[in-house]
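First up is the structure itself, then whatever we jot down about it.
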Amino acid sequence: MGQNLVQKIIKEHLISGEMTAGKEISIRIDQTLTQDSTGTMAYLQFEAIGIPRVRTKKSVAYIDHNTLQTGFENADDHKYIQTVAAKHGIYFSRPGNGICHQVHLERFGIPGMTLLGSDSHTPTGGGIGMLAIGAGGLDVAVAMGGGPYYLTMPKVCRVTLKGSLKPWVSAKDIILEVLRILTVKGGVGKVMEYAGEGIKTLSVPERATITNMGAELGATTSIFPSDGITREFLKAQGREDDWRELLPDADATYDEEIEIDLEGLEPLAARPHSPDNVARVKDIGKIKVDQIAIGSCTNSSYTDMMKVAQILKGKTVSPGVSLVIAPGSKQVLTMLAENGALADMVAAGARVLESACGPCIGMGQAPATGAVSLRTFNRNFEGRSGTASAKVYLVSPEVAAVSAITGMLTDPREAGDPPVVEKPEKYAVNDNMVIPPAPEGVEVEVVRGPNIKPFPVNRELPENLAGKALIKVGDNITTDHIMPSNAKLLPFRSNVPYLAEFCLTPCDPDFPARAKENGGGFIIGGSNYGQGSSREHAALAPLQLGVKGVIAKSFARIHMANLINSGIIPMVFVNEEDYDGIENGDEIILSNAREQVRNGGEMTIRNNTKHKDIKVAVYLSSRQAEIILAGGLLNYTRQNGS
Ligand code: MIC
Ligand code: SF4
């Protein structure tokens, strides 16, 4: 029987398990990436594992998130990452070189390889045919040490693209359409594999926009074939030798199918506060806009920026709008500077930011109170921009640039002829901002600033687990709710005790105090609990506060893995109505916890306050159960080796 792309790559990398959807498998990881907001913790954990040098084909540490230096913390962490990388065989991408996913696509990604990254948008690499997966920092640390990466064998959903896009409609609209159809939980347990005639009309950066934002579906990853277009891209990057053809077999089978007619797509926007709250721009209407931000790992390629520059050329940004633009990499920025496009942007009134995540993670440019902000980014969760009352819409670069001139959300088809951007035959290649690791055997001193505090490590699971229901939250709670991240908090990613004081505060400002007063307890969640970022701080901060378990209707993939890695039990209600039967403050007991976890499947917890037994399930492989019993992956790895 023919194989699809996902099966082909997994088969080549399979270490253990059976390739049946839903079963646990483990795969060999060829490349890893980290960024600075998750990287500090990942390297502290790598050091704790005690392996002297990475065993991957290539590992890269990027600095792109924590680039505002309003105190010593971020600069200290960058020094730590630079030195720890040099010591352990990791390439270091200096601040200013660009956003990890954009740079990795340009300079390091290789079709057919596996990539594990401590960032949820690692699937961007699927744009050149990599199996690129986002994970918590500890999983990446284990992979850097040569350990296998464990995941649930995904279902594969073929997304067939028919026809080609109409003028002014862009790759962003394709992924927004997929989000409209599937929602933010629609991809859980799946890989989206793109196929059909339509993919031949999409360049690598356009494909990468689609795979990048596949993260918002909750999917394990997304992938395009590696074909002639991929080859052209790698050739233009001076890396033709890295190309290999990778296509699904003609008789490949799929678990699910979706078809999208590109001809029928129109400019779309995701309305506040969820990436799946999608509508046609023309139907939303001409709302007044206060801020427009163009960039992020979703839409900051050379082609995206050139379209924006062409639209802005000779015009002036509307007086009511603050337009900020962050080109995705030094390569992109260099090319814009060389061909004059940067001058067109600046002349029009754009505020040009460094090549980094910036406003996408609230690192500056927080909008005004109640402001409407159009962003070419991938997430518009409430408060993520740094302003709780802001209303963020996710749009394509075309919609963003045209609206910057009109001052209103505008369907770009009203703006006349669309911009035409030729694919560059040669990108501006200069890897001088990537520092190779020190040669093996050369002494490197690792520099640790005072911001680095010991991170919490759990203890073995006790026989009985008891505590109060500390907080009850609704559906689709994001890791931005659990562990908010903005310019003020991101500098403390290596200081979990401090961060814990902000845990779940967007849902309830008293949560940290209550958790501490009660010596920890349980979190009660709705469905898709923990969607969004890969930040393991969303598990470490609750651990710091003594949280023992989360009982939810369902979990997002990476967050569930992070909870397990921290030794916090993720339990799902067997009967969803039981969610209604737990109130804040109820006493919950999981008796015979060790035996129940070891046996797996259905378990019983008791609500002592309501005198009621509740059935919950733990969907754990036997390895994951052992991790919980050991009190987390670090303890487990120390006991068993990786
Ligand atoms: C994000 O887009 O939410 C982030 C910031 O890149 C996170 C990583 C983090 O929280 O540090 C992600 O996507 O994993
Ligand atoms: Fe950075 Fe935003 Fe991309 Fe996350 S989504 S990696 S914060 S640009």
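Below, the figures for the structure above:
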read-out	value
Per-residue [θ]222 nm for the chain (sum of -39500 (n - 2.57) over DSSP H runs n ≥ 4, rounded to 500)	-8000 deg cm²/dmol
Where the range 478-630 is the region considered: accessible area per residue in Å², 1.4 Å probe	33
Compactness of the chain as Cα Rg over 2.2 N^0.38 Å, two decimals	0.91
The range 390-510 - Rg over Rh from alpha carbon coordinates, Kirkwood radius	1.14
All-pairs Cα distance distribution in the range 554-625, expressed in whole percent, bin size 10 Å	19, 51, 28, 2
Close Lys-Lys pairs in the range 219-367, where close means Cα under 26 Å and separation is 8 or more or interchain	15
Cross-link pairs K11/K155; K11/K615; K190/K426; K57/K79 - those with Cα-Cα distance over 26 Å	K11/K615; K190/K426
Packing rank of 110-120, 153-163, 376-386, where each peptide gets the mean count of other beta carbons within 10 Å, highest leading	110-120, 376-386, 153-163
Exposure of S301 as accessible area (Å², to 10), given a probe of 1.4 Å and all protein chains	10
Estimated inter-spin distance, E445 and A617, nm [label 7 Å along Cα→Cβ]	5.6
The range 59-143 - percent of accessible surface contributed by carbon and sulfur, probe 1.4 Å	50
Accessible surface, per residue, of the range 70-169 when the full set of protein chains is kept, probe 1.4 Å, Å²	22
Rg followed by Dmax, in Å, when the range 129-264 is reduced to its Cα trace	15.5, 47
Relative contact order of the chain, pairs being alpha-carbon contacts under 8 Å that are 6 or more residues apart, as %	14
With every protein chain in place, the range 434-532: carbon and sulfur % of accessible area (1.4 Å)	53
Average silhouette area of the range 487-625, convex hull of alpha-carbon atoms, in square nanometres	8.3
Convex hull volume per residue for the range 1-103, taking Cα atoms only, in Å³	133
Size of charge dipole - the range 131-214 - debye, nearest 20, with Cβ of Lys, Arg +1 and Asp, Glu -1, no other charges	260
Nearest 10 degrees, 0 to 90: helix 397-406 Cα axis against the chain principal axis	70
Cβ-Cβ FRET estimate between E425 and D241, R0 fixed at 22 Å, reported to 0.05	0.80
Within straight-line cross-link reach of K453, aspartates and glutamates at Cα separation under 17 Å, skipping those fewer than 8 residues along the same chain	D36, E47, E73, D76, D77, E501, E536
Accessible area expressed per residue, the range 252-410, with surrounding protein chains retained (probe 1.4 Å, Å²)	32
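The values are calculated or read from the model by the stated rules, or taken from the named source; none is laboratory data. What you see is a predicted model; the values in this text were computed from it and never measured. For neighbour counting, all protein chains shown are included, and Cβ atoms are generated from backbone atoms with ideal geometry for every residue, glycine included. Keep in mind that these areas ignore ligands, DNA and RNA; they rest on the heavy atoms of the full protein, side chains included. Shrake-Rupley method; radii C 1.70, N 1.55, O 1.52, S 1.80 Å.
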